[in-house]
Structures are given as structure tokens and as C-alpha cells.
Amino acid sequence: MYRRSLLLGLGLGVIACRTGDKGGASDAAVDSGAIQVEDLDGDGFGADEDCDDADASVRPDAIERCDGIDNNCNGEVDEGVELTWYADADRDGFGDPDSAYAGCEGETGAVPNGNDCDDAEPERYPGNVEICDGIDNDCDGELDEGLLSSWWTDADNDGFGDPGTEVVACRQPPGTADNDGDCDDSAAPVNPDALEICDGIDNDCDGSTDGPDAAGRGTWFLDADGDGHGDPDSPLSACTQPANSVTDATDCDDADFDINPDGNEVCDSIDNDCDGLVDNDDPSWDRSSGGTWYRDTDGDGYGDAASPVQACDAPAATVRDATDCDDSTSAVHPSAAEICDGQDNDCDGAGDPMDGSAQACPAEDCIDVLSFGSAVDGRYWVDPNASGSAYEVWCDQSTEGGGWTLAYVVSNDGQDSWTWQDRDLLGADPTLFGSLSARDQDLKSPAHHDLLFFDLLFVHSPSGVTAEYEGVGDGTQDLGSYIDAIPAPLCDASMAGNGAPLTGGSLTLGGNMCDTDLYFNLGDHESGLAYCLDLSVSYNHATYGPVWSLGNNNGCPFDDPSGSALGPQNPCASCTAGTELDEGAGLGFAGTLGLNTGTAGSGQNRMSVYIR
């Protein structure tokens, strides 16, 4: 409870007089106070807010009750607390939805729901049991739901109804059946329980007239090829004989008119007369249809013309071919590869192939080897001059078109094989050394003095950089003779065309190299760069062959086999004492380009020279 007061400031003077005092002294006091609004029912609300100050239950914060009074003083009576009532005329506990009204209490007989679907019928209300009477007893909007059955007219009274005559009812009407299985309701013998017979009628209503189950059916056999003999695997059961059928069932191929028990057995892998025997296994086979076969004793697919056999099919170990020239070995036949073994492997009457595969079958050179389809790098036998003295060479069949024969290898292998003192090894000196099994070591092949050449190929290891020069030779000299005949240098740097131009490979200019043309004499180079023309500089970086020079302008040591340095005409005038016995380690362009990345003295850094 609280009291609400209205404070009024009053400018009033209240004078109090005291009587009985002579001379009368008077006191005057000014009081400022509050005027209180009365709360008669003590509910904490004064008459200015309480709409009934005589009833403590009526006030602004009271809860509205359904009692015909404005309990919360908001000017409305029973708002939000009235109920909706419905008349229940049939007293079934469910009201008429069209009779709704609001009130705290319903009138006599009213109910607080409007769910009745017929308020005049006490046996119709939600939850009532539905019975089959054409009335919606349970007010769910459906009549007799779940209680109706379908019936069909049974005119022939055979217990099966006509499917086009359905009647829905609570009870079975007279003259009806509880199914629609009849296919002819005018004939009592026709129904699903009837026996199917051969009479042109669907007696048992299964959709098939005189079907497979019909009594009285006969059996025939399809004669698709019209040869008068039926297929035993195609029996036909019918009331009457079907088209293209016979009673015979002895045909073994009813797709072929010529195959039947009356057929002629021929060589075609077919049992033509249907006796279970095929071709020449049948004693009655037509021998004019056979063929000739030949014994293939070695099983290579080619037969011996001297051993013919007549039969339908190839007998064991026979073929139709008769071209084997030696039927005792499968390595000899017309499709065999001719190899160097002293036999006519391919039966062409010719001898062994000169493909370089063996000493007895030497090729002319690696180009000749390549012509036999040998595109694999490796060791082959050659006899360039058909001298009868074949020797092994290494063939590079994969670089720049292949056909390259290894002439020599200059290797930084720790051995002094190529020196100034032995400079003529590149020329006329026929001394050979090295092994094809150790091509990372110094090597000189017989081909250097034996094989006429046109082209040169330089292959550096380990970089793999290659340089090809085509047309260096003219095919009339071997490389040794060519180098031996190189003249003194021209010593004319202004001339053009002195060197052989680079025609292939992967060598490119780089570092201090200013020319990739091939020169055999230092003075022959034709570079336009000043430091390349000045023979007094430490490095003159044109290229030289057969191995390129690096920092050895006067030919010392032996990585510059030029005419002026190594040729028979000129001495090594400026060589340091003892260097004539040393093998240079520059290895040509590899030194200039920094390609010698292998371990010194191990043979990893080397230049291989090929001719073609």
C-alpha cells in the first residue's frame, strides 16, 4: 500500500491570536504543507485514479475478472476474460458453430465448443462411432467411411462379377458378386475357375485364348529354314498347327536350308547331315571339299613342301604353307630375321647380312650398320675396305642422324697419350691404343686410318655438348691422312671462309668463345674481334679441331692439333721444356665454356671425335 499526495504550495499567512494576554503579543508562522487525496478503500489509489474507492479489489493494477465489473479501471468490463459459448440443442456435449456468443457464463444448455455437425441430432457428434447408415455419425466430413464394400453384377450367376458394373454399398445387393473376375458375364462356363480347352474361347479368363494350358493342344516344331525338318529346341504347343512348323524334330541347324539329316557333309566345320560328326570325322564326308596341308615339324608356322597331307582341317603339326627351307629348326623360315650364323635364316637363298653384328658379318661403317635398322648405340664390326680383316668400332646411332664411327678419344685420364712428341699419332702414325670397353680413357680406333669420311662430330663429356661439321672431308681420305696433309696456316685473319662452319649439335657461343667455325691452324681463324685476331694474347678463343684449343695459341700442348703446331712442317718453337711429353687438359671449347666439371685425371672430362 502506498499513499499518493498532492502537495500544494500555498502563500497563506496563518495568524494565531492568543487571547487573555494583556498587551497582547502575537506570533505569526508561515507553513508550507501537502493536501492529501483520500483513499477510502485503502488499496493505495486515491479517488482521482480509483474507479471505485469503496472496493479495494477495484483499482488500476487489479487483474480483470469475468464478473461484470471494470476491475482494472481501464473503462472496459470483462475485457479479454469472457468465454465463447455455443448452443447445444441436442444435448450431446457439442455446440452449434453458428450459435456462438461471448459471456462469463453460458446460458442454460450452452457449451464452450462449436464442433457439432448436426445440433438437432444427438447421435451425430465428434468421436461417435461411424455406422453404415448414410449419415456422417462422427462429424469427420465422410459418410460411412471404412464400412462400404464394392460389389459387381453377376448376371450368369457363376460367382464372378462383370468388371464394368461396380456398386458400392454397405451390404451385398442381390445378383452381385464380391469380385470382378468374369470376362464373359453372359456365359457361366467362362470364368477364372473354368478349364481352358481348345475351342477359340478364353475359358479361364487369363487373357489367352486356347493358351498353353488348354486341354487338347498338339505339339509341332518350328521349321524356320523350310527344309522339312523341325528344330527340336523350338517346340510349339497349339490347338492347330502353326505356320512354318512340322511334326519332325531332327534339324540341327534350323537357320540353314542345306543342313539337315538329308544334307551333304563337306569340309566347313559344320555337321551338315546332323549325325553328330563334323567334316572328315564323318565317314560319309565329301572328300572333294578337302585341302592340302604340310607338315610343320619345327612349329614355326611354315610347312615342308615334301610332306603334304590332305584333310578338311589342319592335322596336328601341319600348316597350309609349304615354304620352309629347313623344317628341323624354328629359327629358319621365310619370316625369320637374317642373322650372322652361316644359315639361310629367311629362306631367300641369300647369305648372311653384313650388318656388323658379328666378326663374320662386318658392315662397311656405322652408316651401313644403320641401314640394317640398328638404331642402338653400341659395338659393331666393320671392314671398310672389304679386306677380310674386320675390327670392332663404337657406333653412335642417336646423335645428329646417327651413323657416326668413333675415331679417337682425348681424355683427361692422367695418361699422356696425346703429346707433342707423339703428335703424328693424329697424322700418319698408325699406332692404336685404348679399349672400346673404356671409352672414358685415351683411345685411337683403326677407323682413324681406315675409314673415308665427309663429316666430323665432337662430343664432350660430362657436359654432353656436341658440335657437328658436315663436308669437312670429301670422302677420298681417312681422317689421319687428312690431318697429315694439312698445310701451314694461312695467317690471314681478314680472310673469310677459312674455317668449316658449325652445321649441327648443341655448341653455342658463350664466355670468351667468339667463333664456332672449325679451324685446323691457329692462324686461319677469321674472327672480327680484336682479341681474337691478336695472337699475342693469352687466349685466342676460336675453335680448332679435331679438338678445340684453350690458351695454347702456338699448339702446346696437344689439345691444338693444328698444322703449324703439330704438323710435320713446323716445330714447337716456344714450348716450355718438357711440355712435349705432356698431354694438355684444356679439351678445347669445354675449357673456354667451363664445361670440364668432372674430377681431373679421372677420365670424366674428355672429347670424343666421330667420323661419318
Here the residues within the stretch 400-412 that are of a type in the set (S, T, N, Q) and in contact with a strand residue (DSSP E or B) (Cβ under 6 Å, 6 or more places away or on another chain) are Thr405, Ser411
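In the stretch 463-472, what count of residues is obtained for those that are in contact with a Leu (Cβ under 8 Å, 6 or more places away or on another chain) and open to solvent by 10 Å² or more (accessible area, probe 1.4 Å)? Spell out the reasoning first.
Here is the first cut: in the stretch 463-472, the ones in contact with a Leu (Cβ under 8 Å, 6 or more places away or on another chain) are 463, 465-469, 472.
Of the ones still in play, those that are also open to solvent by 10 Å² or more (accessible area, probe 1.4 Å) are 463, 465-466, 472.
Going through the stretch 463-472 one residue at a time, the tally reaches 4.
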Quick one: how many residues across the stretch 426-440 are within 18 Å of Val393 (Cβ to Cβ) and out of contact with any Phe, Trp or Tyr (no Cβ under 9 Å at 6 or more places or on another chain)?
8
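Please work out if Pro242 is assigned to a loop (DSSP other than H, G, I, E, B), over 17 Å from Asp156 (Cα atoms) and open to solvent by 30 Å² or more (accessible area, probe 1.4 Å). Step through it out loud before you land on a result.
Working: assigned to a loop (DSSP other than H, G, I, E, B): yes; over 17 Å from Asp156 (Cα atoms): yes; open to solvent by 30 Å² or more (accessible area, probe 1.4 Å): yes.
Criteria met by Pro242.
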Going by the structure shown, is Trp404 under 19 Å from Asp455 (Cβ atoms), open to solvent by 20 Å² or more (accessible area, probe 1.4 Å), among the aromatic types (Phe, Trp, Tyr) and at pLDDT 90 or above?
no
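Can you tell me how many residues in the stretch 407-416 are open to solvent by 10 Å² or more (accessible area, probe 1.4 Å) and on the phi < 0 side of the Ramachandran plot?
4
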Exactly one of Asp348, Asp355, Asp344 is of a type in the set (Asp, Glu), in a loop (DSSP other than H, G, I, E, B) and open to solvent by 60 Å² or more (accessible area, probe 1.4 Å), and that residue is Asp348
Being surrounded by 17 or more Cβ atoms within 10 Å (Cβ to Cβ), in contact (Cβ under 8 Å) with a residue 24 or more places away in the chain and among the small types (Gly, Ala, Ser) is the filter here, so list the residues in the stretch 37-66 that pass it.
Gly46
Return only the number of the condition from (1) touching a Gly at 6+ places or on another chain (Cβ under 8 Å); (2) at pLDDT below 85; (3) farther than 30 Å from Pro126 by Cα; (4) part of a loop (DSSP other than H, G, I, E, B) that Ala28 does not satisfy.
(4)
Output the residues belonging to the stretch 146-159 that are open to solvent by less than 50 Å² (accessible area, probe 1.4 Å) and in a loop (DSSP other than H, G, I, E, B).
Asp154, Asp156, Asp158, Gly159
Conditions (1) in contact with a Leu (Cβ under 7 Å, 6 or more places away or on another chain); (2) open to solvent by less than 30 Å² (accessible area, probe 1.4 Å); (3) farther than 29 Å from Gly464 by Cβ; number of the one not met by Asp383:
(1)
Unmet criterion (only one of (1) buried (at least 20 other Cβ atoms within 10 Å of the Cβ); (2) modelled with pLDDT under 95) for Asp396:
(2)
Among the residues of the stretch 308-338, the number that are surrounded by fewer than 15 Cβ atoms within 10 Å (Cβ to Cβ), closer than 22 Å to Cys267 by Cα and of a type in the set (S, T, N, Q) is 1
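Rundown of residues vs (1) in contact (Cβ under 8 Å) with a residue 24 or more places away in the chain; (2) out of contact with any Ser or Thr (no Cβ under 9 Å at 6 or more places or on another chain); (3) open to solvent by 60 Å² or more (accessible area, probe 1.4 Å), yes/no style:
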| position | (1), (2), (3) |
| --- | --- |
| Arg91 | yes, yes, yes |
| Phe94 | yes, yes, no |
| Ser99 | no, yes, no |
| Cys104 | yes, yes, no |
| Thr108 | no, yes, yes |
| Val111 | yes, yes, no |
| Asn115 | yes, yes, yes |
| Pro126 | yes, yes, no |
| Glu130 | no, yes, no |
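The values are calculated or read from the model by the stated rules, or taken from the named source; none is laboratory data. Quick caveat, the model's predicted, so the values are computed rather than measured. Note: ideal-geometry Cβ built from the backbone for every residue, glycine included; neighbour counts use all protein chains shown. Keep in mind that these areas ignore ligands, DNA and RNA; they rest on the heavy atoms of the full protein, side chains included. Shrake-Rupley method; radii C 1.70, N 1.55, O 1.52, S 1.80 Å.
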